[in-house]
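Taken together, the values in this text are just the output of simple stated rules run on the coordinates, not laboratory data. Note that this is a predicted model, so its numbers are computed, not measured. Ideal geometry is used to build each Cβ from the backbone, glycine not excepted, and the neighbour counts take in all protein chains shown.
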Amino acid sequence: MINFTREQEDKVLEAIDLIKRVVSSDEFKDGVINNTYRGRRTFADNDGLSNEEIYQKILHGAETLSSSGRNNTMDLELELYYESANTIGYTFPNIVRIFMNRKYFNKFKPYQVADNLFHEWLHKLGFKHDVQSTNRRRHSIPYTIGYLVKKLAKRYTEIQAF
Ligand SMILES: [Zn+2]
């Protein structure tokens, strides 16, 4: 983690704890495997993969640029930066690092950080989406599964609060 204070690091660690719980849950498996797009059990921009194959690919955790292969781990390199534009985070296909905008990060709850982290990490597995805010983009793997992570992580956060 680059440019993070201790407190900001703690928020990322909380988000990662939530992601671990989410990804190992039956709800997550069901959400990925039963996702539908245009009336079919699929995602937009699925790279020719079935929902089952997408789920397995997530569990394998073999990032395109990583040499560690299927290590069942999210290999993450994160950098916090600031810009006033409405970008929550970004990365590029040819780099490992994920950039997160402090403008959003600081006000995000851990479950929202979990969404952003997972979205960007799905790009590290090679999944893509439209650049423009199209309807198709909302049904892409990074967006759909990022939202699924957020929904489940929020629920776990609320359970923890009791
Ligand atoms: Zn994206």
Between 18, 59, 117, find the one with the highest GNM mean-square fluctuation for the chain; connect C-alpha pairs within less than 10 Å. 59
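With +1 on each Lys and Arg Cβ and -1 on each Asp and Glu Cβ, how big is the dipole of the chain about its Cα centre, in debye rounded to the nearest 20? The partial results should precede the final answer.
Working: 24 positive and 21 negative charges, 104 e Å.
Using only the charged Cβ atoms, the result is roughly 500 debye.
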Most mobile of 111, 90, 143 per a Gaussian network model of the chain (Cα springs, under 10 Å)? 90
The answer for the net charge of residues other than residue 96 whose Cβ lies under 12 angstrom from its Cβ, with Lys and Arg +1 and Asp and Glu -1, is -3
P(r) of the chain over all Cα-Cα pairs, binned every 5 Å from zero, in whole percent: 2, 9, 18, 22, 22, 16, 8, 3, 0, 0
Considering only Cα-Cα distances, which of the following residue pairs are longer than 19 Å: 20/154; 103/128; 20/107; 11/57; 11/124? 103/128; 20/107; 11/57; 11/124
Just to be sure I understand: with springs between alpha-carbon atoms less than 10 Å apart, which residue in 12, 23, 131 has the highest mean-square fluctuation in the Gaussian network model of the chain? 131
What does the charge add up to near residue 111, with Lys and Arg as +1, Asp and Glu as -1, over the other residues with Cβ less than 15 Å from its Cβ? +3
Among 50, 34, 142, whose Cα projects farthest towards the positive end of the dipole of the range 6-157, with charges put on the beta-carbon of Lys, Arg (+1) and Asp, Glu (-1)? 34
Placing +1 on the Cβ of each Lys and Arg and -1 on the Cβ of each Asp and Glu in the chain, which of 111, 81, 59 has its Cα farthest towards the positive end of the resulting dipole? 111
